[in-house]
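Each remark here refers to the structure printed beneath this line.
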Amino acid sequence: MNQSKNILLSGASGLVGKALQETLVNLGYSVYKLVRHKPSNNEFQWNAVDSIEIPLDFPIDSVIHLSGENVAASRWNKN
């Protein structure tokens, strides 16, 4: 059985994030997503610049940060 039960996940709407979230839930973890829109169940709203709206007493065991630029959106160099 896993020891970390509550996982906070950014980038959950991306290709890797969706697959990871499904896998973690199937393994028995509770996954909470960081979102920029109005949060719904199992979501917390965040402003990537300066704030995350999570109660101080909410038990988060692990954080997985997948947010960022889409690496497949364009070329990385001119070659």
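Any read-out appearing in this document is the output of simple, stated calculations on the displayed coordinates, not a laboratory observation. It should be emphasised that the depicted structure is a prediction, and the values quoted were computed from it without experimental measurement. With ideal geometry, Cβ positions are generated from the backbone for all residues, glycine too; neighbour counts draw on all protein chains shown.
What's the angle, to the nearest 10 degrees (0 to 90), between helix 15-26's Cα axis and the longest principal axis of the chain? Taking Cα atoms only, the helix is inclined about 20 degrees. Convex hull volume of the Cα atoms of the chain, normalised per residue: 122 Å³.
Over all directions, the projected convex hull of the C-alpha atoms in the range 1-45 averages 3.0 nm² in area. Of the peptides 37-45, 69-77, the ranking by mean beta-carbon count within 10 Å, highest at the top, reads 37-45, 69-77. Highest-first packing order for the peptide set 17-30, 47-60 is 17-30, 47-60, based on the mean count of other beta carbon atoms within 10 Å. Each Lys and Arg Cβ is given +1 and each Asp and Glu Cβ -1; about its Cα centre, the chain then shows a dipole of about 380 debye. Normalised by the number of residues in the chain, the average gap of Cα pairs under 8 Å and 6 or more apart makes the relative contact order 35 percent.
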